[in-house]
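Notes follow the structure.
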Amino acid sequence: MSNSEPQPLVSIRRLSKRYVQGSLWSKRFEISALKNVDLEVATGSNLALVGESGSGKSTLAKCLAGFEEPSSGEICFEGRNLLALGAKQRARTRRSIQLIFQDAASSLNPGFTAEDILLEPMVIQEEGAPEERKRRCVEVLEQVGLARLLLRRWPHELSGGQRQRLVIARALIMKPRILILDEALTGLDLSIQAQIVEILRQLRKAHGLTYLYVSHNLGLMGAIAEEIAVMHEGKIVERQSVQQIFRSPQHPATSALLAAIPGGSLAFVSRPERPTI
Amino acid sequence: MKKRTIKTALATLVALHAIGLFAGFFAPYAPTIEHRDYPYAPPMRIHFADSAGRWHLRPFVYAWLPQSTNFAEYREDTSRRYPLRFFVEKPNSGLVGTLHSHLHLFGVDGNRCFLLGTDGYGRDVLSRVIWGSRISLFAGLIAALLSLAGGVLVGSLAGYYGGLADEFLMRGSDLFLAVPWLYLLLAVRAFLPLQISPVQAFFLVVLVVGMLGWARPARLIRGVVLSARERNYVLAARGFGASDFYLLRKHIFPQVLGVMVTQAALLIPQYILAEITLSFFGLGIGEPVASWGNMLASLQQYFVLTSYWWMMSPALMLIPVAWAYSVISRSLIEQPHAFFNRH
Amino acid sequence: MKYLLRRLLHSLAVLFGISLLSFLFAGMAPGTYLDEMQLNPQISPATIAVLRAQYGMDRPLPVRYLRWLNSVAHGDWGYSFAYNLPVAPLIWRRAKNTLWLTLPATLLAWLVAIPLGVFAANQSGRWGDRIAEAGTSTILVVPDLILALALMIAAVHTRTFPAGGMSSVNVQKGRIADIHDLLWHLTLPLITLALGILPVFFRHVRAGMLEALASPSLQAARALGLPPSRILFKHALRLAANPVLSLFGLSMASLLSSSLLIEVVMSWPGLGAMLLEAILARDLYLVIGAVMFSTLLLLAGNLIADLMLYTMDPRIRIGPSQ
C-alpha cells in the first residue's frame, strides 16, 4: 500500500476498548467494543465511518475525541501518540479534535444563551480578553451563517438547524483540525440536512478542515463523504472510496448496509453528478 | 394553577414568617406571661355596640369577670368599655433583650386583652400562637435546609462519582427509607436525652428531623446528577477541558437547584409537622417556650378537648401553612417554568 | 420469580441493617429503664446490679447485639424491662390492633378513591371533577393530627362515637356485643386514617385514569365504538392499575406514620402508641422491636404490592423481551 501523504493527520493503531459490565452484586462480564482497530485519516480527507448500531463506530469516535479511555493501542495525532502524552499536552491537542453529537438540543445547556454557549470553551480555557472572545463569537457565527442577533437567544428559541449550526460554531471556536460528526445529520429535515452539508462544504474549503463522519446511514454518507470505512463487531472490515463501496462491496456487512438504503443503492451510484463536498 | 393563587400562597408564607420574626411587635404579650386569675378565659368578643345598644366607631372589648362559683367561668363586665388601640406603647415585664418590643401592634388601655382566650396558666393564646410560629415555622425551615444539604452532598457524590461510593450511599438510604418516617423519628428521639432545656430541645429537634430526612432528596439529586453527567453538553464542556468543579458548578448544580427548591417545598411542611408531633408527644420543645406542638399537647387532656375549643387555634394556623406549601410544591412540579424562567 | 426472590433477600438485608443501626443508636442512649429505676430509693443498688446482669446490660454493645440476635432466632426479640416479658408477643398483640386499623382504612380509602377517581377523570375539567378535586385538596391541607383532634371534638360534642380507646369499660360480655363495641370504637380512628390517605389515592387514580384514557389503545377502542362504561371500567382501569398498585406499596410508609399519630391521639392501643410508651419508659428493646416490626410491615406491604403488580402486569411477569 503506497502512502501519498507524508504523514497522516490521525493514525490509530491496534486500538481496543473493553467495557466491564455488572454491579457489585451481579456477575461481571466484559464487552469488547473495539478489537485491534487500525485507521489512518489523511489531512483534508472526508471519511465516513459506517456500521450498524453496536458496531463500535461511536466508541471509536469517542476514543479519538478523548471522551473514552481506550484499553490498549495508540492514537497518533500529527505523529504524536495522544495516549502517551501528559494531561496538559493532551488537553492542548484535544482542542484540535472536536466532536459534534447527534442531538444538537442535548449538546446545548438549556440554561445558557447562545453567547454563553459560544463563550464557554474560551471561559474554560481562560483565553482571550472579553472583546477578543466576543469578536471570535461573532466570527464563528458568521462562518456557520447565523445572524449575531441570535447571541441573545436561548437554545429552545432556536430551530433545529440553527441549533446544529450553533454546535458547529462552538466547535470552530477552538480552531480544530478535524471535526468528528457523530450522526450529526441524523434526525434533521432534508432541507436542513442540505443546509448543514453546504456549510460544512464551505468551511472545509475555507479552513482545510478534515471531517470524520460517523453514521449508520450508508446512503447519506455516500452522498457527502469521499471515502467510507465499514465497521462490524468492533473491527473495520472494509475501506473503499464511495464509488467502490457502492459498486462492489467486499464484506457481507457492507452489503447488508447497502440493502438497507431505501430506494436501492444503485440509484445513488448511477446518478451522473453526485455532489461531493 | 393560576398565577394569582401562587402569589397568594407566597405572600401568606412571607407574612406568617414575618409575624413570627417580629413576634415581639405582633403579639400583645410575652409568651411566658401568666395571668393566674384568668385560667382558660375564652376569647374576648370584639364589640361595636355596647350593652345599651349604642354604636361605636372604634371596636372595644369588655373585661372578663371570673365567676367565683366555678373554675374558669367568666362573664362579661359591661360596666366599662375598653377600646382596641393600634400601635400601643407598653413596657414589658419578664424577659429582656431582643425578644421584646415596647411597641405592640394592638392592645387595650387599662385591661387585659385575650383575643384568642388563655390557657390553663392564664397565658394569652394569641401571643403564644404568634411566638410559637417562630419556633415551629423556623424549626421546619432549618431542618429542611439541613436535609437538603445532606441530600445534595450525598446525592452529588453518589451520582457524580458512581461506583462503590454510589452503591454504599444508596444502600444506606435504603435503610433510612425502609422505616416509616414517624417511627424512625420517634425511635431516634428515644435514644437521645429526654430532660433538656427548651433551647437544647429546639436544636435537638431540628438536628434529628433534618438528619433523618436526607435519603429522599439524596436519591432524587443523585438521579439528576447522574442524568446531567451524561448530557452531551456536559461531555462537550469536558471536551473543552472543563474541571469537575466547573462542571458541577455551571452545568449540574443549576439543575439540582430546581429539585432542591421543589423538595424544600415538600419537606418544610412535613418537618413543621414533625416538630409539632414531637412536641405534642412531649418529646420535642417543652414548656414554658411556646411551640404549636406543645400548645396542642394540652388537648390530650379530656376536659381541655371538650371545653376549651380555642386551644385548637395553633392547629388552625397549620392549615394556611400547609395550603401555601402545597400550592407552591404542586406548581413547582406541574409548571416549573413559572418559577425558573429567566425572562 | 427470580425478581421476587431478590426483593425478598433485599428486604431481609434491610431488616438486618436496621437492627444494626438501631443498636448503634441504642448504644448512644443516655439512659435505660434500669437507670430510671436507680432514681427510685426503694430499689436497692444490688437489685439493679442483678437486673443489669440478667438483661446483659453490663456487657459491651456487640455482645448485647449478638444476644439479641440469638433471642430473635428464638422468637423472643429481646426482653421488655417495663413489662418483664419477651418483646415479640407484646408487639404482636399491639401490631394486630394496628392492622385492625390500617387494613380496613386502606380498603375504605380505595373503595372511595377508585370510583371517585374514575368519575373525576371521566368528568375531567367539568363540575364533578372540580368538586372532587376541591374536596380532596381541602382534606390534603388539613394535617392528620388536626383531623384527628377535630373529629375527636366533634365526637365528644355529638356523643356519637367514643372519644378514644378500643373497648368500653363496662359492657355486657358476649361475642356479638364485643364485636359491636370494637366496631363502635374503631369507626372514628378508621375514618380519620382513611380521610388522611384518601386525597393522595384519589389523585393517583385520577391521574392514572387520565393517562390511560389518552392512550392510543383506548382512543382506538373509542373509535371502534365500544360502550363508554366498558372502556372506562374494563380497559382504562386495567391500564391505570399499574401506577395505582405501585402507589399502594409507597403509601404504606405514610399509612403507618399516620396510624401512629391517630393511635396516640385516639388512644387506640396499637404499635405506634406502644412505641411512644416504650420511649417514655426508656424500654430499649421494646423500642427496637417496635421499629423493626413497623419496618417489617412496610416491607411486607411493598412485597405484596410487587406481587400484585407481578400477577397483573404481563410486562413484569414475563420480563423484557430481548
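Bear in mind that the values in this text are calculations on the coordinates, not laboratory data. The structure displayed is predicted, hence computed values, not measured ones. So basically every Cβ, Gly included, is an ideal-geometry build from the backbone, and we count neighbours across all protein chains shown.
Things to note:
- For residue B:7, a cut-off of 19 angstrom between C-alpha atoms picks up these aspartates and glutamates, skipping any fewer than 8 places away in its own chain: B:334.
- Whole-Hz couplings from phi, Karplus 6.51/-1.76/1.60, listed for the stretch A:46-63; x for Gly and Pro: 9, 10, 10, 9, 10, x, 6, 5, x, 7, x, 5, 5, 4, 4, 4, 5, 5
- Rg/Rg_ref, chain B, where Rg_ref = 2.2 N^0.38 Å and atoms are Cα: 1.23
- Beta bridges from DSSP with both residues in the protein assembly as shown: antiparallel share about 70 percent, rounded to the nearest 5.
- Label-to-label distance for residue C:96 and residue A:233 is 6.6 nm, based on points extended 7 Å past Cα in the beta-carbon direction.
- Rh (Kirkwood; distinct C-alpha pairs) - the protein assembly as shown, Å: 33.5 Å
- Estimated from the Cβ-Cβ distance and a Förster radius of 51 angstrom, the FRET efficiency linking residue B:196 and residue C:3 is about 0.60.
- Remark: for residue pairs B:3/C:234; A:175/B:250; A:235/B:250; C:96/C:234; A:17/A:134; A:235/C:2, the C-alpha separation exceeds 31 Å in B:3/C:234; A:235/B:250; C:96/C:234; A:17/A:134; A:235/C:2.
- Entry note, the stretch A:183-258: relative contact order of 21 percent, from Cα contacts under 8 Å with a spacing of 6+ residues.
- The phi-based Karplus calculation (6.51 cos²θ - 1.76 cosθ + 1.60; θ = phi - 60°) puts the 3J(HN,Hα) values of the stretch C:236-251 at 5, 4, 5, 5, 7, 4, 4, x, 5, 5, 4, 5, 3, x, 5, 6 Hz, whole numbers, x for Gly and Pro.
- When chain C is treated as a Gaussian network with alpha carbon springs shorter than 10 Å, the biggest mean-square fluctuation among C:288, C:114, C:231 belongs to C:231.
- Electrostatic dipole magnitude of the protein assembly as shown [Cβ: Lys, Arg +1; Asp, Glu -1; Cα centre; debye, to 20]: 1280 debye
- Of the residues B:317, B:260, B:295, the one that moves most in a GNM of chain B with alpha-carbon contacts below 10 Å is B:317.
- When each of the peptides C:256-262, A:248-254 is scored by how many other beta carbons lie within 10 Å of its residues on average, the order from highest to lowest is C:256-262, A:248-254.
- Under 20 Å from residue A:205, Cα to Cα: aspartates and glutamates that are on another chain or at least 8 residues apart: A:5, A:139, A:142, A:226, A:227, A:273
- For the stretch B:171-323, the convex hull spanned by the alpha carbon atoms encloses 143 Å³ per residue.
- Residue among C:46, C:26, C:109 with the largest mean-square fluctuation in a Gaussian network model of chain C, springs linking Cα atoms under 10 Å: C:46
- With the simple spin-label model, which puts each label point 7 Å out from Cα in the Cβ direction, the residue B:75 to residue A:53 separation comes to 8.8 nm.
- Among A:169, C:51, A:109 the positive-end extreme of the charge dipole of the protein assembly as shown (Cβ point charges): A:169
- Residues with amide H under 5 Å from that of residue A:237, placed H, sequence gap 5 or more: A:230, A:231, A:232
- FRET efficiency, 1/(1 + (r/R0)^6) with R0 22 Å, evaluated for residue A:142 and residue B:249 via beta carbons: 0.10
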